[in-house]
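The structure appears below as structure tokens.
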């Protein structure tokens, strides 16, 4: 049984962390997407903590350090913070510590970070990291220095090799590149699940207490979306899941560009919802790129083909 994010504490400020928090086993990272590589490390954290009867902890940052240090080059994320916490909770971890990434934390020397935050505040006795892990002011320290601090402050350091799947090295940056290119199939291999986003219904579309039409437009979403195109998707509205075909793009056939993430539900049934009802959209397969068709009739003919392919996909999926 996986945990909901509400089932574990998520400390968003250092002042929220209770006295006597440790002893703990921890991993530090951005954990964007909580992909297969993250989950392997976190599984080791949970296993060791369980054996030693310690607390298992995922330590992450908000905002993403790149958004503070280089906002003009910062990536759009695979998972906003609330979703990241939910995904971390599902790994079996006992707690999530969200460190506010600000000027003070960015300037903190690595040794001070290890001594004051990891050891004094969180009681870390063992730390699990990937080989590329870096931390401290200007990312001055890596796993070599981390091991030295482990000797100094008496905590163990376990360095994990990169995870590979289908011959690909798993990383958040690689997954973001695949999704940006529309390759949701290979992104799914690395994530270990379909890439998904959580949003709500777009406002101002006459939504009352029920959804009576099989088309759903998502509210503006500010993190990573797949490349413009048409996708086979699964849409969950509240507690109800449906098969769908989703267009991500500007809908150029109908005149002026108007960006939307628009899903046509294949097995639609009217349901209760409003503009606050959560909508989860999973991207399963890319059917084609977005095309400006010569006429609405040509577009409608293509939509019928897209729907046929999507229905066939779900039949084969079983």
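Since every read-out is calculated from the coordinates, none of them should be taken as a lab result. From a predicted model like this one, the values you see are computed outputs, not experimental measurements. Counting neighbours? That spans all protein chains shown, and the Cβs are built from the backbone with ideal geometry, glycine included.
How high is the relative contact order of the range 102-182, in percent, counting Cα pairs under 8 Å that sit 6 or more residues apart?
28 percent
With the convex hull built on the Cα atoms of the range 212-280, state its orientation-averaged projected area in nm².
For the Cα atoms of the range 212-280, the hull's average projected area reads 5.1 nm².
Could you work out the Rg to Rh ratio of the range 7-166, with Rh taken as the Kirkwood radius (inverse of the mean 1/r over all Cα pairs)?
Numbers: Rg = 14.6 Å, Rh = 15.8 Å.
Rg divided by Rh gives 0.93.
At a threshold of 8 angstrom on Cα-Cα distance, excluding pairs fewer than six apart, so keeping six or more, what relative contact order does the range 5-165 reach in percent?
30 percent
Sorted from fewest to most neighbouring beta carbons within 10 Å, what does the list 261, 34, 157 look like?
The fewest-first ordering by Cβ neighbours comes to 157, 261, 34.
So in the chain, what percent of DSSP beta bridges are antiparallel if you round to the nearest 5? Mind showing how you got there, number by number?
Values: 37 of 59 bridges.
The antiparallel proportion sits near 65 percent.
State the Cα centre-to-centre distance between the range 94-112 and the range 296-316 in whole Å.
Computed from Cα coordinates, the inter-centre distance equals 49 Å.
Modelled label-to-label distance, residue 162 and residue 134, 7 Å Cα→beta-carbon offset: nm?
Output for this residue pair reads 1.5 nm.
Looking at the calculated P(r) for the range 194-317, what percent of the C-alpha pair distances fall above 26 Å? Can you show the working numbers first?
Values: 1347 of 7626 pairs.
Percent of Cα pairs beyond 26 Å in the range 194-317: 18.
By count of other Cβ within 10 Å, fewest leading, how are 126, 263, 203 ordered?
Exposure proxy ranking, most exposed first: 203, 126, 263.
Using a Gaussian network for the chain with springs between C-alpha atoms less than 10 Å apart, which of these wobbles most: 13, 286, 176?
Per the Cα network of the chain with a 10 Å cutoff, 13 tops the list.
What spacing in nm lies between the two simple spin-label points modelled at residue 14 and residue 315, each 7 Å away from Cα in the Cβ direction?
A separation of 6.1 nm, rounded to one decimal place.
Give the distance, in whole Å, between the Cα centre of the range 62-93 and the Cα centre of the range 220-290.
Result: 23 Å between the Cα centres.
Using alpha-carbon pairs under 8 Å, 6+ residues apart, how would you state the relative contact order of the range 54-110 in percent? Before the final figure, lay out each step's value.
Details: 48 pairs, mean separation 30.9, N = 57.
Taking the mean separation of contacting Cα pairs over the length of the range 54-110, I get 54 percent.
How big is the chain in terms of Cα radius of gyration and Dmax, in angstroms?
22.1, 72
Any idea how far apart residue 51 and residue 298 come out in nm if each label point goes 7 Å out from Cα toward Cβ?
Rounded to a tenth, the inter-label distance reads 6.4 nm.
Could you tell me how many degrees, from 0 to 90 and to the nearest 10, lie between the Cα long axis of helix 143-153 and the main elongation axis, the longest principal axis, of the Cα atoms of the chain?
Approximately 40 degrees, to the nearest ten.
Apply 1/(1 + (r/R0)^6) to the Cβ-Cβ distance of residue 240 and residue 72, taking R0 = 30 Å, and write down the FRET efficiency to the nearest 0.05.
Calculated value: 0.15.
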